[in-house]
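Asker: Below is one structure. I have some questions about it.
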Amino acid sequence: MPPFKIVVIGGGAAGFFGAITAAETFPAAEVVLLEKSKTVLNKVRISGGGRCNVTHSCFDNRKLIKNYPRGESFLRPLLKQFDATSTVNWFESRGIRLKTEADGRMFPVTDLSETIISCLLQEARRVGVQIRTSCGVKSLLPSASSWQIELLSGEFLEVDRVLIAVGGYPQAASYGWIPGLDETGQPNTTLVSPVPSLFTFNTPDNPLLSLAGVAVPDAVIRVSGTKQEQRGPVLITHWGFSGPAVLRLSAWAARELAELNYTHEIRINWLAALNENQVREQMQNYRQQHPKKQVATQSLFGLPARLWSALAAEAGISTVERWGELPGKSQNRLINLLTNSTFAVSGKSTFKEEFVTCGGIATDALKPETLESRTHPGLFFAGEVLDVDGITGGFNFQNAWTTGYVAGKNIGK
């Protein structure tokens, strides 16, 4: 009797974790991992600037799930099976120590993503996972109690169970070969149309572009005409704006921004803790106490000096103008720029080559306790191919470890 055969499609974090867990849980099964590219774990390699942000030190699952714009209720019960604490224990039990940085992100103490890659490859070899690269899938069809896989090379495989972990945009831009979708992979009840998440804003007409590298630690940024806003650090770049607040905004507003074709307006309050009236009151006090000081050269409210000077110039205030001589109109323009700067966004840029997708396989199309397809028995899903995505900070890798583990734990039953 031939061995029970499990195939995992996708050699990323979720695919590897699913394959390793399946091989450990069902040692009599033959587990094969197929990767379309020549190399595996490519996203792990580049994540965190080449350091691999393994997870986040949010060990309270009720708080952890609040970092997922899509998939919160879906992940909640899955985290009971494998959460951030489980991730830390899994890697440390295999000799990989993790460290926590000030913002909660967790990295290997080596600060090298290759440490995580080597661990996953070693574990896969230890439990007998067969890894095949340059093996793209052309079609996947159910056949009685088994599955027929046709590779791009023309080779056919007959297997018992399949785990799809092909990632998100752009790796899985074409879903046409996945059962349950039509030939073109167009959105239906199984597929939520995928669009990018976690990106920066391009503002080509931005007068502040010359300040690239200047960061404000606490600002509020909002998308005009929507309720979407985020508070936190904002970084001025050569092309527009980045930083944690921008990335979080792009994640939570991913669907709305896609509908706007990434052409919209943003407003920034550079003084997040203060509103317009509070700024006006403090500014009035300052100008009364220091009437002879120059406006443009004395930064207030803790703003970076270069940004303060640029906003003063934008308000029409000369470099020699003093507080005691400042016209009311000029002061009003400066207050408005400090609390309500407006920029036209025209396009987006990928954040450090890290692709994250809003959309994918609809979570209600799966059995929530096993991640098996409701309509195609023996077909499982894990990772970013699902309509689950987190903000930056290790949350997307945690989704990969969690869903990979749950699928791998159940795929051989």
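The values are calculated or read from the model by the stated rules, or taken from the named source; none is laboratory data. Note that the coordinates shown come from a computational prediction; the quantities given were computed from them, not determined experimentally. As a convention, Cβ positions derive from the backbone with ideal geometry for all residues, glycine included, and neighbour counts pool all protein chains shown.
Asker: Which residue, of 24, 92, 35, 30, is buried (at least 23 other Cβ atoms within 10 Å of the Cβ) and among the charged types (D, E, K, R)?
Answerer: 35
Asker: Quick one: in the stretch 80-89, of everything that is more than 18 Å from the chain's Cα centre (by Cα) and either at pLDDT below 95 or not polar (S, T, N, Q) (or both), which residue is nearest to residue 60 (Cα to Cα)?
Answerer: Looking at the filtered set, the residue picked out is 80.
Asker: Taking the criterion of being within 16 Å of residue 338 (Cβ to Cβ), crowded, with 17+ Cβ neighbours inside 10 Å and either in contact with a Pro (Cβ under 8 Å, 6 or more places away or on another chain) or among the basic types (Lys, Arg) (or both), would at least one residue in the stretch 297-312 satisfy it?
Answerer: yes
Asker: Evaluate the stretch 126-139: report whether one residue or more is without any contact (Cβ under 8 Å) to a residue 12 or more places away in the chain and either surrounded by 13 or more Cβ atoms within 10 Å (Cβ to Cβ) or out of contact with any helix residue (DSSP H, G or I) (no Cβ under 9 Å at 6 or more places or on another chain) (or both).
Answerer: no
Asker: Based on this model, can you work out whether residue 87 counts as surrounded by 14 or more Cβ atoms within 10 Å (Cβ to Cβ), out of contact with any helix residue (DSSP H, G or I) (no Cβ under 7 Å at 6 or more places or on another chain), outside any strand (DSSP E or B) and β-branched (Val, Ile, Thr)?
Answerer: Criteria not met by residue 87.
Asker: Name the strands (runs of 3 or more DSSP E) wholly within the stretch 295-413 that hold at least 1 residues that are farther than 30 Å from residue 28 by Cβ and of a type outside the set (D, E, K, R)?
Answerer: Ranges flagged: 341-346, 348-350, 356-361.
Asker: Quick one: how many residues across the stretch 211-264 are without any contact (Cβ under 8 Å) to a residue 60 or more places away in the chain and either more than 24 Å from residue 310 (Cβ to Cβ) or among the charged types (D, E, K, R) (or both)?
Answerer: 13
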